[in-house]
1. Given the condition of a type in the set (Asp, Glu), over 24 Å from PHE213 (Cβ atoms) and more than 20 Å from the chain's Cα centre (by Cα), answer yes or no: does some residue in region 80-90 qualify?
2. Using beta carbons and a limit of 7 Å, which pairs, at least six apart or on different chains, have the first residue in region 458-480 and in the same structural domain as PHE424 (by TED's automatic domain parsing) and the second one basic (Lys, Arg)?
3. Tally up the residues in region 436-448 that are more than 31 Å from the chain's Cα centre (by Cα) and part of a loop (DSSP other than H, G, I, E, B), please.
4. Name the one entry in ALA98, ALA110, ALA134, ALA104 that is of a type in the set (A, V, I, L, M, F, W, C), surrounded by fewer than 22 Cβ atoms within 10 Å (Cβ to Cβ), farther than 30 Å from GLU298 by Cβ and in contact with a Ser or Thr (Cβ under 8 Å, 6 or more places away or on another chain).
5. Evaluate region 200-211: report whether one residue or more is within 21 Å of ASN82 (Cβ to Cβ), in contact with a helix residue (DSSP H, G or I) (Cβ under 8 Å, 6 or more places away or on another chain) and surrounded by fewer than 21 Cβ atoms within 10 Å (Cβ to Cβ).
6. Please note which strands (runs of 3 or more DSSP E) are completely contained in region 121-220 and include at least 3 residues that are under 15 Å from the mean Cα position of the chain (by Cα), within 28 Å of GLY277 (Cβ to Cβ) and without any contact (Cβ under 8 Å) to a residue 40 or more places away in the chain.
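The values are calculated or read from the model by the stated rules, or taken from the named source; none is laboratory data. This is a predicted model, so every value here is computed, not measured. Every residue, glycine as well, gets a Cβ built from its backbone with ideal geometry; the counts of neighbours run over all protein chains shown.
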Amino acid sequence: MKGSCPIRAGAETRPDALALTFAGRHWTYAEMDTEVGRWVAALRARGVGPGDRVGVLSANHAVLAHLFFALGRVGAVLAPFNARLTPVELRPLVEDVAPRLLLALEPLQARLPDAEPLESFADAVGGPSSECAALDDTSPRVILFTSGTTGRPKGAVITEGNFRASARCSAANLGEHPAPRWLGTLPLFHVGGLAMLTRTAYDGGCLVLRERFAVDDTNRALDAEGITHASFVATTLEQVLEARGDRPVPASFRYSLIGGGPVPAPLLARARAAGLGPLQTYGLTEACSQVATERPDEADGLTAGRALPGLEVRVVGPSGEPLEVGAEGDIEVRGPTVMAGYLNRPEATREALRDGWLRTKDVGRLDARGRLTVLSRRTDLILRGGENIYPAEVEKVLADHPAVREVAVVGVPDARWGEVPVAFVVVRAGSGLPEELGTWCRGSLAGFKVPARFLAIDALPRNALGKVERTVLRERARGA
């Protein structure tokens, strides 16, 4: 199935509607179409065409959005690199991509010495190109590198069909909106950021793009820029609520998607009271962002919700057999959002994709209503004396303690039990490490799940995508 550029479609049907805002500038669909056409002309002048790859090192910026849609019009592929990576980390990624063209924001060019400046790349051309080739659903659009917490990052190949399906499935869950305005604080080198960019274009909405998350700026946008949707993790959601004193957001706001792990129940209650409509969600790069999300009419914060309409989620045992309701096993996903495979990694692709199902390497369970609870990454599972301990389960209990701001639980070797859980705790301002955390856990968890130690830490170490670096914590726990 072929589809045309959603910016061109918007220019034809709603030319005066806003498509993008960034740093005080605004682009209607008609203006965005013209700007994307300039980038098409610039790419063609450099010989970029179907199947070519363009590597980019950039923080959030309007030119990255223009480039993304221009590459679609010429059939080329975007390979965005994480803007926080070092030159040493970037080198193997560039080698994997083998780009026809390499671009970088000027402040980041020192990390990619061979890159040309991104901001001025399209300035040399005259008028815009009208070229706008239709793309097959199978056409590669983006190569997104996984975070690499267990080894060298792999480049997931995300197709045009993946993005279209992701937008369609998300809209089916959230409900129709005549002109959604998503607050874009997630990075465009991340699947969540690109999903927002494409979702707003396919839905005829506007992406209110920000360079990065900043709590005061986020609250100003919520109050004054007509935002209808946003995405948060627990820490950013709490910052927003604390900064605004739980003051309600405007009634025009619809929903906020909450990812990144367990969210304390009191925090979700505060977000609901403030009108932020929090919906917990589970997703991953290889499935083009969302896989499961709470339904607005049944959100209770207890699970990550059901599979999005059009997708399937199942839990399987060691041999790939589907498990019964409530049984714990490996999460698998099937549907039109699942990636084409990993770039230059045929063995890894065969391992990840089996009979149409994406093997996520996450552990979870489904309830009788088909709602998913995510328990752990398979590599994060703690095995204590033959008993499985899922860090997310322990973290959720600890996160509900009033003195705990953030927590991460890891397994460390133990002579008697094989492994024991250790909790790293970030406490709230003015609080010391509570002595009763063990007792607090025993009120909700079996004894073998209670951490053997609770260690205070100023901040959880995170990688370039913001994920907790559990390997760093394991080493620190061994040293302690």
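1. Filtering region 80-90 down to residues of a type in the set (Asp, Glu) leaves 89.
When the remaining residues are screened for being over 24 Å from PHE213 (Cβ atoms), the result is none.
No, there is no match, as no residue in region 80-90 is of a type in the set (Asp, Glu), over 24 Å from PHE213 (Cβ atoms) and more than 20 Å from the chain's Cα centre (by Cα).
2. From residues that are in the same structural domain as PHE424 (by TED's automatic domain parsing), the pairs are ALA464/ARG84; VAL468/ARG462; GLU469/ARG462.
3. 3
4. Numbers: ALA98 fails: in contact with a Ser or Thr (Cβ under 8 Å, 6 or more places away or on another chain); ALA110 fails: in contact with a Ser or Thr (Cβ under 8 Å, 6 or more places away or on another chain); ALA104 fails: surrounded by fewer than 22 Cβ atoms within 10 Å (Cβ to Cβ).
Going through ALA98, ALA110, ALA134, ALA104 in turn, the sole match is ALA134.
5. Yes.
6. none
Conditions tested, residue by residue: (1) assigned to a strand (DSSP E or B); (2) surrounded by 15 or more Cβ atoms within 10 Å (Cβ to Cβ); (3) aliphatic (A, V, I, L, M).
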site	(1), (2), (3)
LYS396	no, yes, no
PRO413	yes, no, no
PRO421	yes, yes, no
ALA429	no, no, yes
PRO434	no, yes, no
PHE454	yes, yes, no
GLY466	no, yes, no
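Okay, residues lined up against (1) within 21 Å of VAL142 (Cβ to Cβ); (2) in contact (Cβ under 8 Å) with a residue 24 or more places away in the chain:
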position	(1), (2)
VAL313	no, yes
GLY317	no, no
GLU324	no, no
ALA327	no, yes
ASP330	no, yes
MET339	yes, yes
PRO346	yes, no
ARG350	no, no
